[in-house]
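Comments concern the structure below.
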Amino acid sequence: MLAASSGSSTPPWTAQAALHAKPVHLDRLLADLAEPLAAIHRIPGTHFGRLAGARQNHSWTDYLHDRLRVYAAAAPALPAVAGRLHHEVDASDNAIQPVLLHHDLQPGHLLCGPAGSRLLIDWELAIFGDHRSDLARLAVRLDLDDPTPVLPLVSGADATAEGRLHLYWRIHLLADAALSTDRAVRERAAGRLLGPSVR
């Protein structure tokens, strides 16, 4: 991330700094997130997985399979869901150009500074991968029954964008069903995964 800021007077992230900014109101979140998120998604990556502290995978597909194995082990009641997602990942076109992902986008993470600047905070889950995964995580955090309301934020949307968004949305739902410390969140995510409306 720091390397991406070469030539700039300000790095794209600051660790443990006091910020004098207010969270962007939920009604404005999607509109105000578009520009800073597009700028972040222009930062290319060279590896997969967490930026630090986790083993690297050789491809985005390897990373997704690794995460699915972790989620399946933590949610033994959902093996069929995890199995289907493994198959869908294999069947997908995973020839992506990895970019920097926040990977935990949610209300409260986008701040507006006194001069109107937009800041994204809480980067501890950052990875490099498919930018549509960021939007799928946001759809889960917004508690959407379907991720399509975030689709307009997909830059360079093509015919596969909606399908990939739904795939990542289900993967993030499985993560919540498996790993959330909030029982209500786990149950809601599992309900969406098992419900008839999930693609």
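The values are calculated or read from the model by the stated rules, or taken from the named source; none is laboratory data. In this text the structure is predicted, and so the values were computed from the model without any measurement. Every residue, glycine among them, receives a Cβ derived from its backbone with ideal geometry; neighbour counts consider all protein chains shown. To get the accessible areas, we keep the full protein, side chains included, count just its heavy atoms, and leave off ligands, DNA and RNA. Shrake-Rupley method; radii C 1.70, N 1.55, O 1.52, S 1.80 Å.
At R0 = 30 Å, how high is the FRET efficiency between residue 184 and residue 34 if r is their beta carbon distance? Nearest 0.05 is fine. E between residue 184 and residue 34, to the nearest 0.05, is 0.50. Accessible area per residue for the stretch 73-199, computed on protein heavy atoms with a 1.4 Å probe, is 45 Å².
Based on the alpha-carbon gyration tensor of the stretch 18-159, what equivalent-ellipsoid semi-axes (square roots of 5 times the eigenvalues) come out, in whole Å, largest first? Each step should come with its number before you reach the end.
Working: eigenvalues 150, 58, 48 Å².
Output for the stretch 18-159: semi-axes of 27, 17, 16 Å.
Over the C-alpha atoms of the stretch 97-198, the Rg to Rh ratio, Rh being the Kirkwood estimate, stands at 0.98.
Less than 12 Å Cβ to Cβ from residue 99, Lys/Arg counted +1 and Asp/Glu -1: what total charge do the surrounding residues give? Mind dumping the intermediate values first?
Details: positive: 42, 132; negative: 130, 134.
It works out to a net charge of 0.
Label-to-label distance for residue 158 and residue 66 is 2.6 nm, based on points extended 7 Å past Cα in the beta-carbon direction.
Backbone amide hydrogens, once placed in the peptide plane, bring residue 108 within less than 5 Å of 24, excluding anything fewer than 5 places away on its chain.
How large a share of the accessible area of the stretch 65-199, in percent, is made up of carbon and sulfur atoms when the probe is 1.4 Å and the other protein chains stay in place?
Values: 3260 of 6040 Å².
Of all accessible area on the stretch 65-199, carbon and sulfur atoms account for 54 percent.
The mean of 1/r over all distinct Cα pairs in the stretch 64-106, once inverted, gives the Kirkwood hydrodynamic radius of 11.9 Å. Using a cut-off of 13 Å between beta-carbons, work out the net charge of the residues near residue 71 (Lys and Arg +1, Asp and Glu -1, residue 71 not included). Every neighbour counted, the sum reads +3.
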